[in-house]
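The values are calculated or read from the model by the stated rules, or taken from the named source; none is laboratory data. Predicted model only: the values in this text are computed from it and were never measured. Here the Cβ is made from the backbone with ideal geometry for all residues, glycine too, and neighbour counts use every protein chain on show. Calculation scope for accessible area: heavy atoms of the full protein, side chains included, ligands and nucleic acids excluded. Shrake-Rupley method; radii C 1.70, N 1.55, O 1.52, S 1.80 Å.
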Amino acid sequence: MLAEERLERIVELVNEHGSISAAELMERLDASESTIRRDLTRLAQAGRLVKVHGGATAARRTVVASDQTMREKHDIHLVEKTAIAAHAAKLVRPDDFVYIDAGSTTELLVEYITETAATYMTNSIAHAHALLAKGCRVLVPAGELKQVTEALVGEQTVATLERYHFTLGFFGTNGAAPDAGFTTPETGEALVKEMALRQTLRPYVLCDSSKFSVVSPVSFARFEDATVITEAIPSELSNFDNITVAATLPA
């Protein structure tokens, strides 16, 4: 089989199955491990698939360059986000120092939090008010209030977060993909997410399954840098061990 024919066949197999292992490609195409590894690297660089540990997944992605307001995002995938939020809230313990990112799924998380002995920091003014109403101790960083997402962002926010060390953190994302990592539309917010996640011992990204096919312009963490809490795992991501599935709540 010619090299170009083999490359086309690899793409066909990956798109057909969603994901495929290097061992299976070696068997189907009667090719050596080094050849398959080289082919996957070439195809990944061309954006035709996503190279992952032990194989490849399909590059089915939608690029979203702008963010929505909190009001616009609130009711989108509400059932899925509610299940994710309820699962995440159970992870908080009394001695935790918890960072909560701004976002619609983390907004639902705040609603489900019952642990008032923990200490919380958030860059969302709305989240801070909701936590305070529950009787929680709440810290907020300095910074500029972003109108669209109602989040504190900017150099002051990043500088503040660099001083803290969180035991637990919950982050929203606009997109999640093995090659692009976790992404968001705007650089200022990405820098805040990046710093907060870096300062967190146990980071979780709350991500409904619709976001696995989306990539936004700015990455704030690698896909393996956090545990993902979702309601369903696409077949092409079934080999990843950093994804937790939240049970759907009864209607």
Residue within the stretch 184-201 that is closer than 21 Å to G47 by Cβ, polar (S, T, N, Q), modelled with pLDDT under 95 and under 14 Å from the mean Cα position of the chain (by Cα) present: yes
Strands (runs of 3 or more DSSP E) enclosed by the stretch 188-234 - at least 2 residues per element that are farther than 13 Å from T244 by Cα: 200-206, 218-221
Evaluation of S213 against (1) hydroxyl-bearing (S, T, Y); (2) closer than 25 Å to L78 by Cβ; (3) open to solvent by less than 40 Å² (accessible area, probe 1.4 Å) (one fails), failing number: (3)
Condition met for A83 (modelled with pLDDT of 90 or more, assigned to a helix (DSSP H, G or I), of a type in the set (A, V, I, L, M, F, W, C) and open to solvent by less than 10 Å² (accessible area, probe 1.4 Å)): yes
Residues satisfying the stated conditions in the stretch 105-134, i.e. open to solvent by 10 Å² or more (accessible area, probe 1.4 Å) and either of a type outside the set (A, V, I, L, M) or part of a loop (DSSP other than H, G, I, E, B) (or both): E107, E111, Y112, T114, E115, T116, A117, T119, H129, K134
Members of the stretch 16-34 found to be buried (at least 17 other Cβ atoms within 10 Å of the Cβ) and at pLDDT below 90, listed by number: S19, I20
Residue that is modelled with the highest pLDDT [pool: residues in the stretch 35-65 that are hydroxyl-bearing (S, T, Y) and under 22 Å from the mean Cα position of the chain (by Cα)]: T57
All positions within the stretch 135-176 that are crowded, with 23+ Cβ neighbours inside 10 Å, hydrophobic (A, V, I, L, M, F, W, C) and over 14 Å from L197 (Cα atoms): A151, L152, V153, A176
